[in-house]
Structures are given as C-alpha cells and as structure tokens.
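The values are calculated or read from the model by the stated rules, or taken from the named source; none is laboratory data. Since the model is a prediction, treat every value here as computed from it, not as a measurement. Cβ placement follows ideal geometry from the backbone for every residue including glycine, while neighbour counts extend to all protein chains displayed. Just the protein is used for accessible areas: all its heavy atoms, side chains included, with ligands, DNA and RNA removed. Shrake-Rupley method; radii C 1.70, N 1.55, O 1.52, S 1.80 Å.
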Amino acid sequence: MLQPEILDKEQAIMPIFRLAFRPFFLLPTLLSIVAVVVWITVLNGNLSWKGSLPVNIWHGHEMIFGFAASVAVGFLLSAAQTWTGVRSINGWKLAAVVFFWLTARVALFSPSASVLVFGMVCEGIWWLLSISYLAYMVIKSNNHRNLIFIPLLSIIMMLDLGTLLLALMGNPGLSSHLSYGAVFMMTFVITVVGGRVIPFFTTRALNLPAIKGNLLLERLIALMLGMSFISFIANYYFSISYLLSVLLIVTGCLQLMRMYNWQSVKTAKAPLLWSLHLSYLNMGIGFIAMGLSYFTNIISFSSSIHIITVGTIGTMILGMMSRVSLGHTGRLLQVNRWIGFSFVLLLIAMLFRVLLPLINWLMQGYILAAISWVLGFSIFIFYYAPILMRARADGRSG
C-alpha cells in the first residue's frame with residue numbers, strides 16, 4: 001500500500017492519468033464499440049472499407065489486441081502497484097504511453113500502407129513501454145509470483161506485430177491464424193488472474209471459508225494451455241488436427257474441474273461475482289467446443305472460439321472493469337441493475353453469435369451479437385466514464 005506523501009504531487013495530475021486502468025479501461029472499450037460497428041456495417045454492405053488492412057484482419061486485431069490485450073495491460077499495471085508497493089506509471093509517462101496507443105489505432109485505420117507501418121512502430125513502442133514498466137515494478141520488488149506476466153505479454157506483443165506484418169506482406173491467412181493464437185494467450189492470462197481473484201472475491205464477498213487451489217491441477221492446466229497454443233500454431237503448417245482437438249477438449253475439461261470448489265451457485269445474487277464465474281465457465285465450454293469443431297460440422301471453429309472471445313474475454317473484461325473501477329477509485333463495490341444488465345447483454349451476444357449460425361441465421365447472428373455487444377459496453381461507458389475521469393472518492397492516490 002502506497003503512503004500518502006505522494007498525494008500533493010498527484011493533485012497536479014489529471015485524474016485520467018493517475019493510474020493505467022483509467023485510460024486503458026475507457027479508451028479500449030470505446031474502440032471495441034467502434035470496431036464492432038464498423039465491422040458489422042462493412043459486412044452488411046452499408047459501408048465501403050478503405051483501410052490498407054483487410055477488414056476482417058483489422059476487426060480481429062483491434063478486438064484482440066487493441067481492446068482485450070490493452071485492457072489487460074491497464075489492469076496489470078494498476079494491480080502491480082498493489083502487489084509490489086511500487087508506484088505504477090502515471091502522469092506524463094502514462095500520457096505518453098496512451099499517445100502511442102492512440103496513434104497506433106488511428107494509423108491502423110488508414111488506407112495508406114506507409115501510415116500502417118508507422119502504426120506498427122507505435123504499437124511496438126506502446127508494448128515495449130508497458131511491458132518494461134511492469135517488469136521494472138515486479139523485479140524491483142522481488143515479486144517473483146507475478147513474473148509470469150512478462151513472458152505472457154511479450155508473446156502477445158509478438159503475435160500482435162506478427163499479425164500486422166503478415167497482413168502487410170499479403171499473407172492474411174497466417175495473419176488471422178496468429179490473431180487466433182493470441183486468443184489462446186489471453187486465456188492464459190485469464191487463467192492466472194481469474195484463478196487468483198475469482199475465488200478470493202467470492203469468499204470475501206460471501207463470507208465463505210478460503211478456497212484452496214489444487215496446485216497439481218493448476219500446473220496441468222498451464223501445461224495443457226501451452227501445448228494447445230503450440231499445437232494450434234503448428235497446425236497451420238502440419239496436419240495435427242486430431243492431437244490439437246484432444247488437447248483442446250482436455251484443457252476445457254480441466255478448466256471446468258478447477259471451478260468445482262469455487263461456490264459458483266452462491267454468487268447468483270451478486271452480478272460482480274456471477275459475471276466472473278460465468279465467464280470462466282465459458283472458457284471451459286469454449287475449449288471443448290473448439291476441440292469438437294475438428295470432429296463435427298455442427299459447430300464451426302469460428303463460432304466456438306467466439307464462446308471464448310465474447311463469453312469469456314468480453315464478459316470477464318466487463319466484470320473486472322466494473323469491479324476494479326469502483327475499488328480503485330475508493331467506491332463501494334455495488335452496481336445498479338443496468339450494469340447487471342450489461343453482463344447479461346454480453347452473454348446474449350455470445351449466444352446470438354454461436355447459436356444462430358447453427359440454424360443458418362448467420363448474418364442475423366452477427367448483427368444481433370453486435371447490437372448486444374455495443375449496448376453492453378455503452379452502458380459501461382455511460383456509468384463509468386465519469387468515475388474513471390474523476391479523482392478517487394476517498395482522496396487517496398490512484
């Protein structure tokens with residue numbers, strides 16, 4: 001916990017730049033709304049796409065890297081301050097990081113290939129600054145437990161830049177494949193963070209006995225996630241679909257086993273809890289569905305991975321942002337019915353995207369899922385933008 005002596009200096013800093021979660025919850029959420037609206041409008045034939053990236057590559061890139069990975073970075077840079085006791089990036093340094101992130105977003109939208117290259121450079125600088133500062137905090141405090149996030153984020157960074165470079169070189173197939181690979185790495189981050197905070201939040205809020213994790217099971221999940229990621233990347237070059245499908249199904253089953261003692265049923269009346277539990281549940285289901293997609297035509301790989309991208313990553317992000325934004329600004333961990341409804345909208349978006357294509361309502365599924373996503377995150381923006389742009393309610397740092 002930081003001491004109050006830095007408060008005088010902090011008064012001169014705009015609240016939005018006092019801690020990384022503030023800009024990197026707000027701006028990527030806005031980006032996700034724009035990316036979904038543009039994507040569905042182009043897909044529906046109502047907008048002509050002029051970008052130098054293929055529209056599907058741009059949409060996937062901005063949703064996975066521009067949105068999901070950026071929120072994860074904002075969370076980790078903020079949480080690391082609590083973990084390490086080292087002041088996280090703030091003020092003009094944080095503003096500079098935000099500048100590179102924003103510049104990359106604008107450049108990647110451009111029809112000019114040279115501007116796209118400039119955007120890639122800015123994207124790389126954003127990653128290097130973010131990861132370096134997180135590494136500095138963790139290493140300075142000898143916080144070895146959280147060193148795992150440095151290689152995880154570094155791999156996501158390489159997948160990000162590789163996705164852009166391959167698209168620029170005219171290889172959209174491999175570019176798209178790498179972006180899907182980044183989804184696997186995001187599930188790794190969620191597995192680590194979610195496995196720590198979901199049981200903790202649950203026992204603390206419901207006054208339950210501490211939930212102890214199974215170390216052997218957690219190591220096995222980590223191993224299977226790593227093998228699934230490597231096998232998925234390799235499957236682009238070698239035909240190992242059978243091995244990959246088995247790894248995915250086993251990984252999903254292990255994720256569901258991990259939740260066995262998490263007391264999920266008891267969270268039904270607490271939106272800030274059940275949203276996290278349900279999103280983690282979707283991860284297990286999503287891995288199983290992806291594995292089955294290699295055996296059957298009933299569900300496609302694209303639909304099954306959206307169980308994870310929408311039902312796990314999207315819902316987990318919305319739930320964590322809603323909670324962290326309150327806790328890190330000195331407010332009570334209570335949400336109104338509209339925020340609870342936003343969680344429901346994300347789950348509805350997943351169901352539309354996954355189930356409607358099964359009855360050949362492909363475009364209807366896309367459109368209804370997009371509408372649900374936009375409405376869900378618009379509710380978050382409406383209620384949380386004022387919180388994220390104001391100083392803490394309790395007058396403390398952050």
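By average Cβ neighbour count within 10 Å, what is the ranking of 311-323, 94-106 from highest down?
Numbers: 311-323: 25.6, 94-106: 19.3.
Going by the mean number of other Cβ atoms within 10 Å, highest first, we get 311-323, 94-106.
Calculate the length of the line joining the C-alpha centroid of region 75-120 to that of region 166-199, in whole Å.
19
Ranked from highest to lowest mean number of other Cβ atoms within 10 Å per residue, what is the order of the peptides 75-84, 147-156?
Details: 75-84: 20.6, 147-156: 17.3.
Descending packing order for the listed peptides: 75-84, 147-156.
Given a Förster distance of 35 angstrom, what is the FRET efficiency for Arg204 paired with Ile381, based on the Cβ-Cβ distance and rounded to 0.05? Kindly include the intermediate steps, with their values, before the conclusion.
On the way: r = 28 Å, r/R0 = 0.79.
Once rounded, the FRET efficiency stands at 0.80.
With no solvent and one equal point scatterer per Cα, compute the Debye intensity ratio I(q)/I(0) for the chain at 0.10 Å⁻¹ and report its log10, rounded to two decimals.
Values returned for q = 0.10 Å⁻¹ are -0.64.
What's the magnitude of the charge dipole for the chain around its Cα centre, counting Lys and Arg as +1 and Asp and Glu as -1 at the beta-carbon? Answer in Debye, nearest 20.
Working: 23 positive and 8 negative charges, 191 e Å.
That gives the chain a dipole magnitude of about 920 debye.
What part of the accessible area of the chain, given as a whole %, is carbon or sulfur when the probe is 1.4 angstrom? Intermediate values should be presented prior to the final figure.
Values: 11900 of 17270 Å².
Here it works out to 69 percent.
If you build a Gaussian network model of the chain, linking Cα atoms that sit under 10 Å apart, which residue out of Ile249, Ile221, Ile13 swings the most?
Looking only at Ile249, Ile221, Ile13, the biggest GNM fluctuation is shown by Ile13.
Principal axes first, then extents: for the Cα atoms of region 67-106, list largest minus smallest coordinate on each axis, whole Å, largest first.
For region 67-106, the Cα spread along each principal axis is 35, 24, 7 Å.
How many percent of the alpha carbon pairs in region 22-82 exceed a separation of 19 Å?
Everything past 19 Å amounts to 37 percent.
Which FRET efficiency value, to the nearest 0.05, is calculated for Ile148 and Met257 with the Förster distance at 30 angstrom and r the Cβ-Cβ distance?
0.90
So, in nm, how far is label Ile298 from label Leu333 when the simple model puts each one 7 Å beyond its Cα toward the Cβ?
The modelled label-to-label distance comes out at 3.9 nm.
Between Leu102 and Arg87, what is the spin-label point distance in nm, taking each point 7 Å from the Cα along the Cα→C-beta axis?
Each label point lies 7 Å from its Cα, and together they span 2.3 nm.
Can you compute the helix-only [θ] at 222 nm over the chain? Use -39500 (n - 2.57) per DSSP H run of at least 4 residues, normalise by all residues, nearest 500 deg cm²/dmol.
Only helices count here, giving -24000 deg cm²/dmol.
For region 50-160, just run the numbers: alpha carbon Rg, then divide by 2.2 N^0.38 Å, N being how many residues it has.
Values: Rg = 14.9 Å, N = 111, 2.2 N^0.38 = 13.2 Å.
My calculation over the Cα atoms of region 50-160 gives 1.13.
I'd like the FRET efficiency for Val55 and Val344, computed as 1/(1 + (r/R0)^6) with the beta carbon distance as r and R0 of 35 Å, rounded to 0.05. Kindly include the intermediate steps, with their values, before the conclusion.
Working: r = 29 Å, r/R0 = 0.83.
Efficiency, rounded to the nearest 0.05: 0.75.
Would you mind calculating the gained length between Met389 and Asn214 on full extension (0.36 nm times residue separation, minus the Cα-Cα distance), in nm to one decimal?
Values: separation 175, 0.36 × 175 = 63.00 nm, distance 4.00 nm.
The Met389-Asn214 span can extend by a further 59.0 nm.
Give me the extension gain from Met158 to Lys140: residue separation times 0.36 nm, minus the current Cα-Cα distance, reported in nm with one decimal.
Details: separation 18, 0.36 × 18 = 6.48 nm, distance 2.48 nm.
Using 0.36 nm per residue and subtracting the Cα-Cα distance, I get 4.0 nm.
Take the Cα gyration tensor of region 107-209, multiply each eigenvalue by 5, square-root it, and list the three semi-axes largest first, rounded to whole angstrom.
In descending order, the three semi-axes are 34, 17, 11 Å.
I want to check the label-to-label distance for Ile230 and Ala268. Put each point 7 Å from Cα in the C-beta direction and report it in nm to one decimal.
Output for this residue pair reads 4.3 nm.
On average, how much accessible surface per residue is there in the chain, in Å², for a 1.4 Å probe, leaving out ligands, DNA and RNA? Write down the numbers at each step before the final one.
Values: 17270 Å² over 398 residues.
On a per-residue basis, the chain sits at 43 Å².
For region 1-114, what is one quarter of the convex hull surface built on the Cα atoms, given in nm²? Please list the in-between numbers first.
Working: hull surface 31.7 nm².
Average of the hull's projected areas for region 1-114 equals 7.9 nm².
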